[in-house]
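Read the structure below first, then the notes.
We did not get these values from a lab; they are worked out from the coordinates using the rules stated. Computed from a prediction, not measured in an experiment: that's the story for all the values here. Here the Cβ is made from the backbone with ideal geometry for all residues, glycine too, and neighbour counts use every protein chain on show.
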């Protein structure tokens, strides 16, 4: 756990809450809890508060350097939320880092007295809630459970227990989530070995990031792609190419477009793959980077099929058959095979050109979808 400020009241609050948190997790999960303070780099406040994902990047750096399995960052500044008026906490399951703000533990409208005991209980409950989310626990319908949904701060007052089933699930997930190795020799060999060794975790993290939702957060990419596609579809040379290109050539072009587009988006939206001061790369950083890359690849696959279906519909329902038959130089452009090659070519051009525009989309919005399963 880490605090941003050195204020005495804040330190007292986090120390008391950490003691409650430590007692519960150490008794039931045999987890060692370490508490420390550090001053974060200078961060710029956004319109509604500091960005949670800036703290996540700091958390990744600290977790890697200190070789921690999980990290709960506790700060007393206002943390901005993407979908609500303010943020109490943001657990990032893919990075095993959670950000918790103490600023709103006493909600607007409640008694303005400090209430240190109430704040301590709420912070401890919120820490246990976030730790459960980092260990992949689902939400519970029972309001007395630590995994109940938190709508307002006073929801934390009734959260008092984990069930035996939840403790068993945490015990099962803990070794897998906390197992973090560090590179000793070749960094490239270490990355490749742990990418293939952690494929289930990477795929699970990529699917959890919800590629369909990521696509909805890339309006600039979609607009750029459609602009280029619309220009190309009305050019005779495009139809000539689609009618004449071989399937092997088209496949190479599509694969190259995917690789280039994913690389551009990865560079724009991913967290840095940091190493320790000794140059060691952590296994969890490799898994995070791999899940990010796969999530973006799945997003591009979804957009590829969306563009392909859209262009096939335009070809079939907009262009007359006589024009398609005579527009190409020596082959019939009105066949089903020619239509499919044309739609595939235009979809590949769409994701390739769109990725250049997509990198201009809101970095914080896309990152929030990639790295934050939920906001509390």
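Table for the structure above
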read-out: At R0 = 22 Å, FRET efficiency that the Cβ-Cβ distance of residue 76 and residue 141 yields, to 0.05; value: 0.10
read-out: Rounded FRET efficiency, nearest 0.05, which uses the C-beta distance separating residue 19 from residue 172 and R0 of 22 Å; value: 0.25
read-out: Residue 337/residue 223 FRET efficiency (R0 35 Å; Cβ-Cβ; nearest 0.05); value: 0.70
read-out: Zone residues, the stretch 212-229, relative to residue 302, backbone N less than 16 Å from point 7 Å out along Cα-to-Cβ; value: 212-223
read-out: Segment residue 309-residue 11, extension gain: residue separation times 0.36 nm, minus the distance between their alpha carbons; value: 101.6 nm
read-out: In range of the label at residue 278: residues from the stretch 142-183 whose backbone nitrogen is under 14 Å from the point 7 Å along Cα→Cβ; value: 181-183
read-out: Beta bridges per DSSP with both ends in the stretch 8-178, % antiparallel, nearest 5; value: 35 percent
